[in-house]
Amino acid sequence: MAYMHIGKDFVPPDVPGKVTGRIKYAEDYTREGMVYARLLTSPVPHGRIVNIDATAALAMDGVVGILTADDVYPDGEPQSTGLKILTNEPTLVGEPILAIAAVDEKTAESAMALISLTIERLPFVLDPLDSLREGGPDAYTGGNTFVFRQGFAQEKWTSDQVTSFQNGREPSAEPQQSWEYGDLEAGFASSDFIYETAFSTAGYPHMSMEPRSAMAYWENGKCYLHGTSQSLTALAEPMANIIGVPLEDFVFINEATGGGFGQRSRAGSIPSMAIPARFSQKINRPVMMRVTREEEFTIGGARQGLQGWIKIGFRSDGSMAAMDMYCVSDSGGKGGGGDANSAAAGVSALYQVEAMRFRNTSIGTNTGHRGAQRGPGENQIMAIVAPIMDKAAEALGLDRLAIRKLNAAQNGDVSGSRSTPFTSAYMPECLEQAAEQFDWDGRKSRARQTNGSKVTGLGIGQGYHNAGRSGMDGIVRMLPNGRLQMHTGVGNLGTYSYASTSRAAAEVLKMPWEDCDIVTGRTDRHLAISSPQDGSNSIFTNTRTAYGAAQDMLAKMKEIVAMDLGGAAADYDIDGSRVYQITDNTVGMTYAAVAQRALELGGKFTGEADVPEDLNSLTALSVSRLAGSALMGIYHDPRHAGNPPGFAVAMIEIELDTETGKFDIIELVNIAECGTVVHPQGLKNQLVGGAVWGIGLSALERHLYDPQNGIPASTGFWQSKIPTYLDTPANIGTGWVDLPDPENPVGARGIGEPSMGSVSAALNSAISDALDGHLFNAAPVTTDMIINHVAGISEDAIPLAQNNFRG
Amino acid sequence: MYPVNPKLTRRRFIKGVIASGAAATSTSIWYAANGAERPPGSVERLIRINVNGQVRTVDVAPQETLASTLRYKLGLTGTKLGCNRGECGACTVLVDDIPSYACSILTHSVKAMRIETVEGLESANGDLHPVQQAFVEELSPQCGYCTPGQVMAAVGLLRANPNPTREEARQGMAGNICRCGSYDSYLNGVMRAAEIG
Ligand code: FES
Ligand code: FES
């Protein structure tokens, strides 16, 4: 289908501001009378605050106040593992206990030194298996796990059960969570090749480039919060709840966000923004809270680490007949996450496993706050499964590409425990395109060739994530000057989806992009609700709402013109600036004139009547405030059917030096299958960014904690090994399948997460290939692990270790 | 690779901070850098620095970093702080044409030098600098938080080497982290900037 805007590049309106430094992040704002808050954070991994004596601190010149957990939770802290605003029961080093505000930060820091804090130390634990082992310490006061709707609990295995698991055997303990489908036993019985192993994947921090600084002030009973988020409106209402201000009195200002990656999509993962808001309310001054890199590390989130056992059975033709998976998931000191469940569902979707069982137990540790991180679960497990696919291909005498094609998801397929059908799926096409662009057939013969100490490895990886939601709202307005105002609540975290999804509205109205304005950046510009921007959903979800709102406007425009010029609405069409009669195009009205007429007519045309009843509360508030201001298109999106998948395929050639354990990526292509392409440059950025993240997962990133004191040792970019220019290839090839999805009006689905899983999988597959098919069954595979393997040294000093070095 | 200014090494920075009385931990440096206290001593606080071709008079604490002065005293918030400890390059500015981490330079140490920030790149008529223009055309930024630092690193690189190979550009930009992983797009931008230069 030929589109005017969809599939075309454009300059998103915030890009000039990014290259000139003019666009503002939360910390770039100031306000008359602003004071500065500093955080006093926990020096111990687990403790209970017995006493806070701030007398001397508060007596200091320039100190204007203190905010404690008792201030923000007068009725006691919520009993959950989630992040708190402030706490008297820290469960990780660096957790905020109180804040001090002063006229400048130096004074606040100096005042902090005068606070006398008495903490009762409590036992702590860094590795879930140490806590699971009978007699082991618990991360939380109420136990080592948190059961939904039940609260804290204690989960213990016998020492033998833990040791047996560490030695690679199937865990025998009852899991907390499980599901299965198909006949597992029959699946394994019919298998000609079965691979069984324990595995581990590391947890590691998000490390968004912008620390989560925030500034807040109150004016005329309204709370204004300059913050950071990946979902502008989806975050606003729950954030208002956390602060304790009615939604109508809360203004969230967030023009740009310096990275999110899952940990800024929901208010619960960033409650620290409530500190300046509550503090400002208490002391009646604007409060700026600058967050340091170390603090960002602590409260900024981390991927869940998985310690697991997996068994996969393949038939002689290569089809995946059965998979059994058992995970122990690291829930960290705060939060939790559903990585293991998503991992299992992801394998089901990607490899169309005929029978499957999933079991999981989540255990807390006194380490970083856990929550969703780019492809949570799927992207770790793909790095484990890809080399197993290669092992199966080798054992069964099949081509590595062919075994993936055989198991690939396609139209009509279903996945997961509920056998949900895909809205569409073109994985075979994606594999073919990647093979062509990479020249798989041409390169194949290079696999395992050596050149001195260097050996070539080839890898194939596939990524998947459920990539679309529905049930959100859209608002567009036409001003009497003929300009289209697209009110989007989509956050601006660097994907440009706030802009690219809005283009679906311009597409419907056939309007030149120069005549359209995106209204966003702060909630008092009256925006529509968006879904939380996680799970690769924005493109699918918000093109639906933008398209629907524009359709509503189009119908209203035709109705007005028919009313004034005669005939029925169906007698009219549009050309991007006029509504004209199809049989005589000299009869018509300009968009500007129609918008002017709407103002005169009022009622449903201007949002004053017949507003869709099922609008989400934030959208309804925005519509009520915009009512009567312009011709309005308003839309509530009904639910869609099926699972809209995002798929990606990567192929990698590496040259691995067996003397140093280092490798160079010689060639890397990353291909998307995400429906119709909406914004090629934006998609390309997701593919290259995902590739960099995939390299981080499979080769570099991890958490390190001092086992003696529970102190994090990787709080900086450097120690946590964020991939740099030099860790990643100078060129990354990208491409896309570009076939439409029927559940989206412009055919589009999301891609942000699978574009990482494909590369994490391909890289582990390539490393394994370079080492004659050796499987580390781990991510990351670090240089140390490679050298030790080459030297014949046992790889695991501490089997399945989490938050620590392996080997 | 571009040259390193021997006067602005991390070691000299730490020594300078210690000499000025602030403890040498990154957290303390951050806050000490914004200090309002006026320690008795001989360091003159009202100094003149040359920023984007203009001589600015500014009250600078002895231990204040250039990033703090630029952001919090001169309102030049285009220079970002990602780590405030010399790890990420978000704070990159040019000091006498050399890309330098403004979080790790004491303002007092650059009194006699030319400082350029992202705000100083556009021409008088508002045209973007070729690097900025190229970054727009290639959609190099994602979240944009590292972008001003990437822009300044690229400007510095292209001044030292107007026609780099892609590999030289990769090496030259290696002091700047991008958590969004937009390296490929930034390199496209650098190569395009060299073309339109
Ligand atoms: S802020 Fe200066 S290097 Fe990171
Ligand atoms: S664009 Fe986000 S950190 Fe570089």
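The values are calculated or read from the model by the stated rules, or taken from the named source; none is laboratory data. Since this is a predicted model, take the numbers as computed values, not measurements. Cβ: placed from backbone, ideal geometry, glycine included. Neighbour counts: every protein chain shown. These area figures cover heavy atoms from the full protein model, side chains too; ligands, DNA and RNA do not enter into them. Shrake-Rupley method; radii C 1.70, N 1.55, O 1.52, S 1.80 Å.
Structure data summary
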quantity	calculated
The listed residue being modelled with pLDDT of 65 or more, surrounded by 20 or more Cβ atoms within 10 Å (Cβ to Cβ), closer than 30 Å to A:Gly259 by Cβ and within 16 Å of ligand 2 (Cβ to nearest atom), out of B:Val118, B:Val51	B:Val118
Residue list for region A:95-145, filter: touching a residue at least 12 places away in the same chain (Cβ under 8 Å), over 23 Å from A:Gln166 (Cβ atoms), open to solvent by 30 Å² or more (accessible area, probe 1.4 Å) and of a type in the set (D, E, K, R)	A:Glu109, A:Glu120, A:Arg121
Some residue of region A:418-432 being assigned by TED's automatic domain parsing to the domain that holds A:Gly675, touching a helix residue (DSSP H, G or I) at 6+ places or on another chain (Cβ under 7 Å), part of a loop (DSSP other than H, G, I, E, B) and of a type outside the set (Lys, Arg)	no
Hits in region B:71-90 - residues which are surrounded by fewer than 24 Cβ atoms within 10 Å (Cβ to Cβ) and within 16 Å of ligand 2 (Cβ to nearest atom)	B:Glu87
Failed item in (1) within 16 Å of ligand 2 (Cβ to nearest atom); (2) under 11 Å from the mean Cα position of the chain (by Cα), with B:Cys143 passing the rest	(2)
Qualifying positions in region B:151-192 - in a helix (DSSP H, G or I), near ligand 2 (Cβ under 9 Å from one of its atoms) and more than 7 Å from chain A (Cβ to nearest Cβ)	B:Tyr186
Criterion (acidic (Asp, Glu) and part of a helix (DSSP H, G or I)) met by exactly one of A:Asp524, A:Asp534	A:Asp524
Residue list for region A:709-728, restricted to those being under 18 Å from A:Gly333 (Cα atoms), out of contact with any His (no Cβ under 8 Å at 6 or more places or on another chain) and away from ligand 1 (no atom under 14 Å from the Cβ)	A:Asn709, A:Ile711, A:Ala713
Condition broken by B:Cys146, with the remaining ones in (1) closer than 15 Å to B:Lys80 by Cβ; (2) in contact with a Pro (Cβ under 6 Å, 6 or more places away or on another chain) satisfied	(2)
Residue in region B:98-106 that is over 10 Å from the mean Cα position of the chain (by Cα) and open to solvent by less than 10 Å² (accessible area, probe 1.4 Å) present	no
Near pairs, Cβ below 7 angstrom, 6+ apart or cross-chain, from region A:245-265 (crowded, with 24+ Cβ neighbours inside 10 Å) to any residue that is acidic (Asp, Glu)	A:Thr257/A:Glu210; A:Gly258/A:Glu210; A:Gly259/A:Glu210; A:Gly262/A:Asp534; A:Ser265/A:Asp534
Restricting region B:60-70 to residues that are modelled with pLDDT of 95 or more and touching a helix residue (DSSP H, G or I) at 6+ places or on another chain (Cβ under 7 Å), the residue that is farthest from ligand 2 (Cβ to nearest atom)	B:Val60
Qualifying positions in region A:208-238 - under 16 Å from A:Gly268 (Cα atoms), within 18 Å of the chain's Cα centre (by Cα), among the aliphatic types (A, V, I, L, M) and open to solvent by less than 10 Å² (accessible area, probe 1.4 Å)	A:Leu232, A:Leu235, A:Ala236
Hits in region B:121-150 - residues which are within 10 Å of chain A (Cβ to nearest Cβ) and in contact (Cβ under 8 Å) with a residue 60 or more places away in the chain	B:Val131, B:Gln133, B:Ala134, B:Tyr145, B:Cys146, B:Pro148, B:Gly149, B:Gln150
Hey, A:Lys334 in the same structural domain as A:Ser362 (by TED's automatic domain parsing), buried (at least 24 other Cβ atoms within 10 Å of the Cβ) and touching a residue at least 24 places away in the same chain (Cβ under 8 Å) or not	yes
So B:Leu128, is it closer than 21 Å to A:Phe10 by Cα, more than 16 Å from ligand 2 (Cβ to nearest atom) and not polar (S, T, N, Q)	yes
Spans of strands (runs of 3 or more DSSP E) in region B:53-150 with at least 1 residues within 12 Å of ligand 1 (Cβ to nearest atom)	B:92-95, B:98-101
Given (1) within 16 Å of ligand 1 (Cβ to nearest atom); (2) over 30 Å from B:Ile47 (Cα atoms); (3) open to solvent by less than 20 Å² (accessible area, probe 1.4 Å), number of the condition B:Ala174 does not satisfy	(3)
Search result, residues across region A:221-259 that are more than 16 Å from ligand 1 (Cβ to nearest atom) and part of a loop (DSSP other than H, G, I, E, B)	A:Gly221, A:Gly227, A:Thr228, A:Ser229, A:Gln230, A:Gly244, A:Val245, A:Pro246, A:Asn254, A:Glu255, A:Ala256, A:Thr257
Region A:774-788, residues that are of a type outside the set (A, V, I, L, M, F, W, C) and farther than 23 Å from A:Ala393 by Cβ	A:Pro780, A:Thr782, A:Thr783, A:Asp784, A:Asn788
Selection count where residues are crowded, with 23+ Cβ neighbours inside 10 Å and either of a type in the set (S, T, N, Q) or within 16 Å of ligand 1 (Cβ to nearest atom) (or both), scope region B:155-171	1
Verdict on B:Gly89 being facing another protein chain (nearest Cβ under 10 Å), closer than 24 Å to A:Thr298 by Cα and under 8 Å from the mean Cα position of the chain (by Cα)	yes
Wholly enclosed strands (runs of 3 or more DSSP E) of region A:108-202 bearing at least 1 residues within 14 Å of chain B (Cβ to nearest Cβ)	none
Residue selected from region A:1-58 under the condition touching a strand residue (DSSP E or B) at 6+ places or on another chain (Cβ under 7 Å) and under 30 Å from A:Tyr496 (Cα atoms), by the criterion farthest from the other protein chains (Cβ to nearest Cβ)	A:Arg31
Flag if B:Ala134 is within 16 Å of ligand 2 (Cβ to nearest atom) and more than 21 Å from A:Pro723 (Cβ to Cβ)	yes
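Residues checked against (1) among the acidic types (Asp, Glu); (2) at the interface with chain B (Cβ under 10 Å from one of its Cβ atoms):
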position	(1), (2)
A:Ala699	no, no
A:Leu704	no, no
A:Gln708	no, no
A:Ser714	no, no
A:Trp718	no, yes
A:Thr724	no, yes
A:Asp727	yes, yes
